[in-house]
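In what follows, a single structure is set out as structure tokens and then discussed.
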Amino acid sequence: MRKLLILCIFTVFGFADNIALIEVKDMHCPLCTASVKKAILQTNGVRSVSVKLNTKTATVVYDEAVDIQNILDSIKTTSYEGKIISNERAK
């Protein structure tokens, strides 16, 4: 619910341009999700990240100027592979 509220706020006020859902395989503990989240947040233009262990996914809200490959490369720095499930414009 909180994630949906944040995404709605970003969309209404025009702060977010894209939302990507990324599968991150092989995460098995909360430390894994924290590492992935931290790495993604260090990518310039990323506005917010939610990483879920139970679904092994990351939801990323980012500026349209960001190349999605940069986000996937950030995930690789944590020794995990990211695969785009969906990538949509927020507006």
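If the condition is being of a type outside the set (D, E) and closer than 16 Å to D17 by Cα, then the range 42-65 contributes T43, N44, G45, V46, R47, S48, V49, T59, V60, V61, Y62, A65. The residue that is nearest to the chain's Cα centre (by Cα), counting only those in the range 56-76 that are surrounded by 13 or more Cβ atoms within 10 Å (Cβ to Cβ) and without any contact (Cβ under 8 Å) to a residue 40 or more places away in the chain, is A58. Number of residues in the range 38-48 that are small (G, A, S) and assigned to a helix (DSSP H, G or I) equals 1.
Please specify each residue of the range 49-76 satisfying the condition of being touching a helix residue (DSSP H, G or I) at 6+ places or on another chain (Cβ under 8 Å) and not in a helix (DSSP H, G or I). Walk me through it before giving the result.
To start, the set of residues in the range 49-76 that are touching a helix residue (DSSP H, G or I) at 6+ places or on another chain (Cβ under 8 Å) comprises 49-53, 58-62, 71, 74-75.
V49, S50, V51, K52, L53, A58, T59, V60, V61, Y62, listed by residue number.
Taking first residues from the range 11-37 that are assigned to a loop (DSSP other than H, G, I, E, B) and at pLDDT below 95 and partners that are among the β-branched types (V, I, T) and surrounded by 14 or more Cβ atoms within 10 Å (Cβ to Cβ), the Cβ contacts under 7 Å between residues at least 6 apart in sequence or on separate chains come to A16/V61; M27/T33; M27/V36.
Scanning the range 66-91 for residues that are charged (D, E, K, R) and under 16 Å from M27 (Cα atoms) turns up K76, E81, K83.
Residues in the range 30-45 that are aliphatic (A, V, I, L, M) and crowded, with 19+ Cβ neighbours inside 10 Å: V36, A39, I40. Considering the range 32-55, and only residues there that are among the hydrophobic types (A, V, I, L, M, F, W, C) and closer than 15 Å to I84 by Cα, the residue that is farthest from the chain's Cα centre (by Cα) turns out to be V36.
The values are calculated or read from the model by the stated rules, or taken from the named source; none is laboratory data. Just so we're clear, the structure is a prediction, and the values are computed from it rather than from any experiment. Quick reminder, even Gly has a Cβ in these numbers, built from the backbone with ideal geometry, and neighbours come from all protein chains shown.
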